[in-house]
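What follows is one structure encoded as structure tokens, with my remarks underneath.
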Amino acid sequence: MTWLIVGIVVFFGIHLFPANPSLREKLVHSIGELPYKGVFAALSFAGLALMIKGMGATQYMAVWHPPVAAATATAVFMAPALILLVAMNFDNNIKRIVRHPMMWGVLLWSLSHLLAIGIGATAMDGGSADTVGNKYLPLVLFGSFAVYALFYLYSAKQRAAPKQPNSTKAAIKTTPIKRDVLAFVIGLIAYALLVAFHDTLFGVAVFF
């Protein structure tokens, strides 16, 4: 549990900077753009690594038993979540219509997993499932991502720029449909791979 908490603090702590433009600008002005990006990438990777280590250091047991439909819904919701994550990487109509597709994808991923979580964690060293709140470790993990995504979307809305000129809007609307198709195809391929290897990677099989 400790590694997970440290990882969450590091990962989301560094991600508060992009969500606060004035804070980010001060830091960039102080150390430079490239050093900022380097530190951001390094700490993000370190945070993720610590979260993975924290999850890997646990075994899971049932805390409650959600209906089968919840797991099915989670599996279904992951397809659009991955398509949104892919869409944020290049210009397309999905990105034009859905502002901040990455955050919406993360929110959909985290909430869908909370819907069907049904598992808690117990320390691999033989500790009781009731010790140190370890049984709620998955809840802490997915809940943290959900809270951050909501915070980011709210802060983005608060700092939204004025509406773009009509000429810019028109240019955006001419994005070829093939880019949307590409986002769907890559997202669905990633989804198929995730379904196939989810059990191997995370110890939980995907079923419909």
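Data overview
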{"read-out": "Cβ pairs under 6 Å, 6+ apart, first in the range 87-102 and acidic (Asp, Glu), second surrounded by 15 or more Cβ atoms within 10 Å (Cβ to Cβ)", "value": "91/175"}
{"read-out": "Only listed residue being touching a helix residue (DSSP H, G or I) at 6+ places or on another chain (Cβ under 8 Å), surrounded by fewer than 18 Cβ atoms within 10 Å (Cβ to Cβ), of a type in the set (Phe, Trp, Tyr) and at pLDDT 80 or above, chosen from 77, 45", "value": "77"}
{"read-out": "Tabulated pairs, the range 1-24, first at pLDDT below 85, second of a type in the set (D, E, K, R) and not in a helix (DSSP H, G or I), C-beta under 7 angstrom, 6+ apart or interchain", "value": "21/159"}
{"read-out": "Residue 32, sole failed condition from (1) at pLDDT 85 or above; (2) closer than 30 Å to residue 188 by Cβ", "value": "(2)"}
{"read-out": "Residue satisfying all of: in the range 142-189; under 22 Å from the mean Cα position of the chain (by Cα) and in a loop (DSSP other than H, G, I, E, B); modelled with the highest pLDDT among these", "value": "159"}
{"read-out": "Hey, residue 28 assigned to a helix (DSSP H, G or I), β-branched (Val, Ile, Thr) and in contact (Cβ under 8 Å) with a residue 12 or more places away in the chain or not", "value": "no"}
{"read-out": "Selection status of residue 5, outside any helix (DSSP H, G or I) and out of contact with any strand residue (DSSP E or B) (no Cβ under 8 Å at 6 or more places or on another chain)", "value": "no"}
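The values are calculated or read from the model by the stated rules, or taken from the named source; none is laboratory data. Computed from a prediction, not measured in an experiment: that's the story for all the values here. Reconstructed Cβ throughout: ideal geometry from the backbone, glycine too, with neighbour counts over all protein chains shown.
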